[in-house]
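First comes the structure, then the notes that go with it.
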Amino acid sequence: QVKLVESGGGLVQPGGSLRLSCAVSGRRFSANSMGWYRQGPGKERGLVASVNRGGATNVADSVKGRFTISRDGAENTVTLQMNTLKPEDTAVYYCNVNLVVVGVLWGQGTQVTVSS
């Protein structure tokens, strides 16, 4: 069974940093794209950042300059480095991976809370 395993998240003060990681476990398939979405209280789920097989990234305007996404193709992992966090970044963050053959998978979600 192929699934996504997320790690990171938690409580941080405004201006702090957190790092989210997501790994594909189980049988190995190539990933077309890997990324992170988030859903804040009372909001719809939206893209935070993604990276395709060629390394091109797509980053939401609200986090540009603060968040960095990277992937390790050999290990099938994707990492989101979040700096200068703001209270409005508070949300459940979901890993999203589009695997060849398998299709799109979602992680279980990890809570990020930015509060003093």
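How much of the accessible area of the chain, probe 1.4 Å, is carbon plus sulfur, in whole percent?
47
Give me, ordered by chain and number, the residues 5 or more places off G9 or on other chains with an amide H under 5 Å from its own placed amide H.
Answer set, sorted by chain and number: R19.
Among G103, S50, G16, which residue has its Cα furthest toward the positive end of the charge dipole of the chain, with +1 on Lys/Arg Cβ and -1 on Asp/Glu Cβ?
Checked the options; the winner is G103.
Taking the Cβ-Cβ separation of V2 and A74 as r and a Förster radius of 22 Å, what is the calculated FRET efficiency to the nearest 0.05?
It comes to 0.85.
Based on Cα coordinates alone, diagonalise the gyration tensor for the chain, multiply each eigenvalue by 5, take square roots, and list the semi-axes in whole Å, largest first.
Whole-Å semi-axes of the equivalent ellipsoid: 24, 14, 12.
From largest accessible area down, sort T110, T84; use a 1.4 Å probe on the protein chains.
So the residues, ranked largest to smallest area, are T84, T110.
Taking the Cα centre of the chain as origin and charging only Cβ (+1 Lys, Arg; -1 Asp, Glu), how large is the dipole, in debye to the nearest 20?
160
Using a basic spin-label model with each label point 7 Å from the Cα along Cα→Cβ, how many nm lie between R45 and Q81?
The modelled label-to-label distance comes out at 2.7 nm.
Residue by residue through segment 101-116, which ³J(HN,Hα) values in whole Hz follow from phi under the Karplus form 6.51 cos²θ - 1.76 cosθ + 1.60 (θ = phi - 60°), with glycine and proline marked x?
Karplus values, whole Hz, x for Gly and Pro: 6, 6, x, 8, 10, 10, x, 7, x, 9, 7, 10, 10, 10, 7, 8.
Taking amide H atoms as placed 1.01 Å from N in the peptide plane, list the residues 5 or more away in sequence, or in a different chain, whose amide H sits under 5 Å from that of G109.
Under 5 Å from the amide H of G109: C95.
Can you work out ³J(HN,Hα) from phi for every residue in segment 15-21, in order, using Karplus 6.51 cos²θ - 1.76 cosθ + 1.60 and θ = phi - 60°, giving whole Hz and x for Gly and Pro?
After applying 6.51 cos²θ - 1.76 cosθ + 1.60, I find x, x, 10, 9, 10, 10, 10 Hz.
Calculate the FRET efficiency for K64 and Q111 from the Cβ-Cβ distance with a Förster distance of 30 Å, rounded to the nearest 0.05.
Efficiency, from the Cβ-Cβ distance: 0.85.
Calculate, for Q13 and R53, the FRET efficiency according to 1/(1 + (r/R0)^6) with r their C-beta to C-beta distance and R0 41 Å; round to the nearest 0.05.
0.70
Radius of gyration and Dmax for segment 30-97's Cα atoms, expressed in Å?
Both quantities, over Cα of segment 30-97: 11.9, 37 Å.
How much accessible area per residue does segment 26-116 have, counting only protein heavy atoms and a probe of 1.4 Å, in square angstrom?
52
Mind listing the phi-derived Karplus ³J(HN,Hα) values for segment 41-51, rounded to whole Hz, using 6.51, -1.76 and 1.60 with θ = phi - 60°, and x for any glycine or proline?
x, x, 10, 7, 5, x, 5, 9, 6, 9, 9
Would you please name the trypsin sites (Lys or Arg not before Pro) within segment 1-60 that are DSSP coil residues with at most 10 other C-beta atoms within 10 Å of their C-beta?
Here the sparse-neighbourhood loop sites are R27, K43.
Tell me the accessible surface of V48 in square angstrom (1.4 angstrom probe, heavy atoms of protein chains only), to the nearest ten.
Counting only protein heavy atoms, V48 exposes about 0 Å² to solvent.
The values are calculated or read from the model by the stated rules, or taken from the named source; none is laboratory data. Computed from a predicted structure; not experimentally measured. Quick reminder, even Gly has a Cβ in these numbers, built from the backbone with ideal geometry, and neighbours come from all protein chains shown. Only protein heavy atoms, including side chains, enter the accessible area calculation; ligands, DNA and RNA are left aside. Shrake-Rupley method; radii C 1.70, N 1.55, O 1.52, S 1.80 Å.
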